[in-house]
1. Here's a check for you: in the stretch 44-64, which residue that is open to solvent by 20 Å² or more (accessible area, probe 1.4 Å) and out of contact with any Asp or Glu (no Cβ under 8 Å at 6 or more places or on another chain) is nearest to Leu648 (Cα to Cα)?
2. I'm trying to understand the selection: among the residues of the stretch 94-138, which are of a type in the set (Phe, Trp, Tyr) and closer than 19 Å to Pro154 by Cβ?
3. Considering only the stretch 582-631, state which residues are surrounded by fewer than 16 Cβ atoms within 10 Å (Cβ to Cβ) and assigned to a helix (DSSP H, G or I).
4. Go through the stretch 152-198 and give me each residue that's touching a helix residue (DSSP H, G or I) at 6+ places or on another chain (Cβ under 6 Å) and of a type in the set (Ser, Thr, Tyr).
5. Within the stretch 835-853, is even one residue under 14 Å from Leu818 (Cβ atoms) and among the small types (Gly, Ala, Ser)?
6. Just name the residue that is farthest from Ala167 (Cα to Cα) out of those in the stretch 520-544 that are away from ligand 2 (no atom under 11 Å from the Cβ) and more than 22 Å from the chain's Cα centre (by Cα).
7. What's the number of the condition Pro154 fails, among (1) under 23 Å from Trp572 (Cα atoms); (2) assigned to a loop (DSSP other than H, G, I, E, B); (3) open to solvent by 40 Å² or more (accessible area, probe 1.4 Å)?
8. With the condition kept exactly as written, say whether any residue in the stretch 549-572 is within 16 Å of ligand 2 (Cβ to nearest atom), open to solvent by 30 Å² or more (accessible area, probe 1.4 Å) and touching a residue at least 40 places away in the same chain (Cβ under 8 Å).
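The values are calculated or read from the model by the stated rules, or taken from the named source; none is laboratory data. Computed from a predicted model, the values in this text were never measured in an experiment. Here Cβ is always computed from backbone atoms with ideal geometry, including for glycine, and neighbour counts include all displayed protein chains. Please note that ligands, DNA and RNA were not included when accessible areas were found on the heavy atoms of the full protein model with its side chains. Shrake-Rupley method; radii C 1.70, N 1.55, O 1.52, S 1.80 Å.
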Amino acid sequence: MADKPDFKSTLNLPQTPFSMKAKLAQKEPEMLKRWAAMDLYGRILKNREKSPAFVLHDGPPYANGRIHLGTSLNKILKDFIIKAKTMEGYRAPYLPGWDCHGLPIEIHVDKLLGEKKKDMSIIEFREECRKYALKFIDVQREEFVRLGVFGDWPAPYLTMNPSYEAAVLRFLAAFFSSGNVYKGLRPVHWCPHCQTALAEAEIEYKDRSSPSIYVKFPLVSDLSAKFPALAEKRVFILIWTTTPWTLPANLAIAFHPDYEYVAVEVGDEVYILAKRLLPVVAEELGFREPRVLATFPGKDMDRLKARHPWIDRESLIVLAEYVTLEDGTGCVHTAPGHGQEDYLTGVAYGLEIYTPVDSEGKFIPQVERYGGQNVFDANALITADMKKEGSILKEGTITHSYPHCWRCKNPVIFRATSQWFISIDHGGLRQKALDAIKNVHWIPPWGEERIANMMAARPDWCISRQRKWGVPIPAFECRSCGQVLASAEIALRAADIFSREGSNSWFTKGIDEFLPAGTKCSRCGSSSFEKENNILDVWFESGSSHSVLGVRPDLPWPADVYIEGHDQHRGWFNSSLIVGVGARGGSPYRTCITHGFILDEQGRAMSKSLGNFIEPEEIISKDGAEVLRLWVAMLNYKEDAKFGPEILERLEDAYRKIRNTWRFILGNISDFSPDREHLEAENLLLLDRWALDKTAEFGQRILKAYEEYEYHTVFHSLFTFFTVELSAFYLDVLKDRLYCSAKGSALRKSAQTALFEILRTTLTLMAPILPFTTEEAWESLSGFKGKEDSIHLASFPSFERKWLDEEIGREMDGLLALRETVLKELERAREEKLIGNSLEAQVHLRIPAAEEALVRKYEGDLASLFIVSSVVLESAEEFAVRISRAPGAKCQRCWNYSVYVGQSRDYPELCRRCEDVVRELA
Ligand SMILES: [Zn+2]
Ligand SMILES: [Zn+2]
Ligand SMILES: [Zn+2]
């Protein structure tokens, strides 16, 4: 038997080094090395030296622990922005930062040191904290780089750098000069476990079971002159509380001035409470036949007096608008040292801000009965004692939302301490911040209302902490009279010292170096001072991070974008805004974007204890960072995002689809020289022009999505374009032309011109999302004039819809509609086993006169458009499609059926087209 001629070798089959298997886990690290070796980040910025600046300012992650999926999401989104803005033509440097000071590190170091800490100086201890922070900066830096995030990694900003510490004090000085800083006794959230004041953002609300008690306070003032019915009666004011431990600090009972109150007789006692709450309370306390003896508005009680249930002390009746009728009795137990509203009322009435609780959460020794007791333990004792004495009408427990420490998870208390504050209202700071909020572009838009509400309601900012690892507040106390000494001038002087020697100098240098010679106490004239030992709230430090902007010409202030998790409306966005408005006269950001948190596939938060925690490392070491990045692009980051094994599988599929599309194109243009063989638009086949038009349409959509930070639109548009327009249609139709036409034919070069453009365009547009894969494909793409060394040095193309005129566009739409109809008939023929492969079919079209011109015009293109062997046209009254088996025999080279097969003497196996191609090659 004679050998069958080998026609396969005459086909132009795809060839490319861009492999089907991605092997990202191995390839990505190699690529990172190459990028580092060529100083890619440096070259990108150099290229853009004269371009307009775009600044994304990095919210500094905390230098503690390894990165998790949430941190990855955040950094990848930032990288999308930086890379996209760069390719849009901006100079967009990325200066990463780290938040280095603060309690979590101090606690970790404390634990690590154990007993050793006792023999260490504060400088030695702070040095340990610094080392700890540096260690995790290195760990995290490596992990961020591994994600493909470009930036100035060798020189990040660190909040513990001397220059940064100095900048923080300079901002603080600005608040001193505007008169917004004051020192005062004020209740703050206090963690007895961590022994420190906590900021709003450091509080977590969790359900907790607390006692719920109704307590009666004997009324001292005599109401019988006004209400004779009360003469000779034992009258009490009824209060309700869930914190019995605050009762030793009770100094007042608050009434609402406008609500109606009643005095009701129950048995042989009379209780005063809000009229509207009487039915509820009567039911709750089991009052039998309460008799209302008097009714009066709350304001009539102003400044009358009750007596403390067991301490020999009066409790003043005060008026307060915040009293509600939601629960309790309408008469509110008030301890000015233990609550924000209580405090304000206390100040208004000139009461002492009395806090008989120490930093460990224990009553001070002077407290009658309970000195030395832990306040939470004292709840039960106090309740039991009052019960014995008959002061309690009812006790129970309730579960309510209660503040807890974010760090140690223990319940916190409100405790008045002497702290430094930034007044939010002095000088109209709050209003200025609210005005600034209106000028920021919030993405998503609900962020505006959220932060505005928080700003409108927030109390003064407590900026002092009684810890060691942070930037000391440069303040002093007079040794003889205790007067506080602090000012802008002093803060600026300390800033200069810190900028040279770091904040350790506060502990090592003498007071005379921080105070100008001859400084005297303003109150007593003494010149003997001591340093305070408060550090600044780390939120003031991180809120000062925009101090790194406006220093270098390529990083102007304010930033174009801040982007962090949506919890930062309360945290970093908030503190940055206040510092920006207070110290620099405006918001430090123009646009503020928030992203969601990561949940598992069931919608639960990820946690190590639930066992649903996924380390980014797990994914990267298996599928590469690229798959994580694709996930970030796939989701609507503005909402909470799910991640899990099923999603990972879908991601792998999507990635494969994208990769293989690029691979197909690369394989088919390996012999194409863009510089020499690129055809002009007018020489392209209609179908190729259509494909380029679709690409331009797609490109316009993508550029708009990038501008609007809509990365899921970028991904989904690309994915649809690849699967619907390219894979399912254009590339499929193209195969015959690419594989079987003569290598150098205009037919093939037309297809290759289009493919080259599609590849270059889609690679460039996807480079910010898939930096590794696009670079790999870019390297596999043959050279052309102006091809940059790295795709990340390229720019986004601009897109014009220049490929089709309107008429041709309409014709193409008509042909595509016709194709849809034909494909359905082919599918049916396949089901009926009339044909197998579509090349076995011949399509008969009956064309009504109205459509005949169009169909006849493109008669020669129809078979390839339908991927069948032949098409027969017939004029008819009504449109119809019929499928039959194609006549002739199967060409052994291209598998089309043709009646020509068998006619050639030299090549009886081939159709005419293939015979021509093969003869040429022979
Ligand atoms: Zn704590
Ligand atoms: Zn003094
Ligand atoms: Zn053929």
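1. Asn64
2. If we filter the stretch 94-138 for residues that are of a type in the set (Phe, Trp, Tyr), which is where we start, we get 94, 98, 125, 132, 136.
Once the filter is applied, which keeps residues that are of a type in the set (Phe, Trp, Tyr) and closer than 19 Å to Pro154 by Cβ, the stretch 94-138 yields Tyr94, Trp98, Phe136.
3. Glu617, Glu618, Ser621, Lys622
4. Passing the criteria: Tyr157, Thr159, Ser163, Ser177, Ser178.
5. Initial filter on the stretch 835-853 (under 14 Å from Leu818 (Cβ atoms)): 843-848, 850-853.
Then drop every residue that is not among the small types (Gly, Ala, Ser), which leaves 850, 853.
Yes, because at least one residue in the stretch 835-853 is under 14 Å from Leu818 (Cβ atoms) and among the small types (Gly, Ala, Ser).
6. Filtering the stretch 520-544 for residues away from ligand 2 (no atom under 11 Å from the Cβ) gives 530-544.
From what is left, the residues that are more than 22 Å from the chain's Cα centre (by Cα) are 530-537.
Numbers: Glu530: 24, Lys531: 21, Glu532: 20, Asn533: 20, Asn534: 18, Ile535: 15, Leu536: 13, Asp537: 15 Å.
Result: Glu530.
7. (1)
8. Initial filter on the stretch 549-572 (within 16 Å of ligand 2 (Cβ to nearest atom)): none.
No: the stretch 549-572 contains no residue that is within 16 Å of ligand 2 (Cβ to nearest atom), open to solvent by 30 Å² or more (accessible area, probe 1.4 Å) and touching a residue at least 40 places away in the same chain (Cβ under 8 Å).
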